[in-house]
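The values are calculated or read from the model by the stated rules, or taken from the named source; none is laboratory data. As the structure is a prediction and not an experimental result, all values here were calculated from the model. Cβ placement follows ideal geometry from the backbone for every residue including glycine, while neighbour counts extend to all protein chains displayed. Only protein heavy atoms, including side chains, enter the accessible area calculation; ligands, DNA and RNA are left aside. Shrake-Rupley method; radii C 1.70, N 1.55, O 1.52, S 1.80 Å.
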Amino acid sequence: MVAEKPPMALVLGLESSCDETAVALVDNDGNIIAHHLATQEILHRPYGGVVPEIAARAHVERLEPLIRKVLDESGKNLSDVDAIAATAGPGLIGGVMVGLVTGKALSLACNKPLIAINHLEGHALTPRLADQSLSFPYLLLLISGGHCQILLVKNVGEYRRLATTIDDAGGEAFDKTAKILGLGFPGGPAVEQEALKGDPTAVPLPRPLVRSKEPHFSFAGLKTAVLRAHQSGLYKREDIAASFQQAVIDCLVNRSEKALRKIESENTAINAFVIAGGMAANQAIRPALTALAEAHNLPFVTPAPWLCTDNGAMIAWAGIERFRLGMIDTLDSPARARWPLDPHAEKARGAGVKA
Ligand SMILES: Nc1ncnc2c1ncn2[C@@H]1O[C@H](COP(=O)(O)OP(=O)(O)OP(=O)(O)O)[C@@H](O)[C@H]1O
Ligand SMILES: [Mg+2]
């Protein structure tokens, strides 16, 4: 018997949790009908990082014109849309409020349901937008600017966190390394480019936590070691960048391997090993993790690089996933600075304030 095709749905997604204002229109089949993104890099560059107040003001100015652009380009209007999905957290609260309140206003004015999206769920489900054959459950390495976690993705809204960072996120380590090396902002792509010219074995750098029993991460010590190497004057900048990137890759592979073994020892069946989040855009990280998945006889899935960093399509897609399950939200849904995907996860041993 052929499974019945679900009815067509069209969701408008709004993203504003950090320094990208992004809007997209996505349908049930994973077609990205239109998408636009306004980056704020130039506004934050003089400060070497994202300034929350500047980000929130920029979202206010940019969001509405982007919504118009997406609708105009797609030849649709709001009456054609089935639901409005807006990031409701976690992130910089001022920016989150701008997007969420805009989503609520559209929902109220057009009488369309609101779907309040966890930005991390946007990253976690985007691999299913990129690969429509990817089914639950899968093991996800979520590597972004604010998070570094390994999650068992059981279903929409159902996550088991196996690991997290006890201090900095990986993307944050890339950004700080770029700052130390004078490579500018945003740091991830700049370090990746610099690393292409360098020797990944030139600088001895630590691989934090690789001997620990649980598959957690730590990047603060690595960042300090980068600072010391730079200050020593003994190494070329490109060699530090390449050695740093290699140390991160080794940690990601080692920790993911640990998590895969844990899952295997529990006889938990998974359909794929998946990576998502901004750092997953890195072209050196991808092959190392592809090899790991192959060694465990698992398909490796990752979205295209532009779908790994923040964008509107990931929020619209998470909206599609929720909408077709009837998961809609009320207009009093709160904006949240923190919002873990697995609310039952225990605090990692040695963890600081980040979870
Ligand atoms: N090519 C790359 N190599 C390494 N890191 C990268 C690359 N491209 C982006 N990043 C890093 O990814 C991060 C941005 O990812 P993303 O946009 O998902 O983060 P965020 O939305 O700020 O954080 P979160 O999703 O945790 O709230 C930055 O830290 C950036 O340096
Ligand atoms: Mg993100």
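This model, with +1 at the C-beta of Lys and Arg and -1 at the C-beta of Asp and Glu, gives the stretch 136-298 a dipole about its Cα centre of some 280 debye.
Accessible surface calculations at 1.4 Å, restricted to protein heavy atoms, place the stretch 18-65 at 47 Å² per residue. Under 26 Å of direct C-alpha separation, and excluding same-chain neighbours fewer than eight residues apart, residue 258 reaches these lysines: 154, 213, 223, 347, 354. Subtracting the Cα-Cα distance of residue 331 and residue 39 from their residue separation scaled by 0.36 nm leaves 102.3 nm. Taking the accessible area of the chain, probe 1.4 Å, and keeping the other protein chains in place, the carbon and sulfur fraction comes to 54%.
Looking at the stretch 136-298, the accessible area is 39 square angstrom per residue; that uses a 1.4 Å probe and ignores ligands, DNA and RNA.
Here the Gaussian network model covers the chain, with springs between Cα atoms less than 10 Å apart; of 124, 169, 304, 304 fluctuates the most.
Of the GluC sites (Glu not before Pro) found in the stretch 1-93, those in coil by DSSP whose Cβ has at most 13 other Cβ atoms within 10 Å are 4. Between residue 271 and residue 109, the C-beta separation translates, for a Förster distance of 25 Å, into a calculated FRET efficiency of about 0.05. Near residue 218, the amide H atoms lying under 5 Å from its own belong to 166; only residues 5 or more places off or on other chains count, and H is placed 1.01 Å from N.
If you plug the beta carbon distance of residue 232 and residue 283 into 1/(1 + (r/R0)^6) with R0 = 41 Å, you get a FRET efficiency near 0.90. Calculated [222 nm] ellipticity per residue, helices only, for the chain: -13000 deg cm²/dmol; basis is -39500 (n - 2.57) per DSSP H run with n ≥ 4, divided by all residues, nearest 500.
Label separation (residue 193 vs residue 154): 4.4 nm, computed from points 7 Å beyond Cα along the C-beta direction. Taking Cβ atoms as reference points and 15 Å as the exclusive limit, the residues near residue 200 contribute a net charge of -2, counting Lys and Arg as +1 and Asp and Glu as -1.
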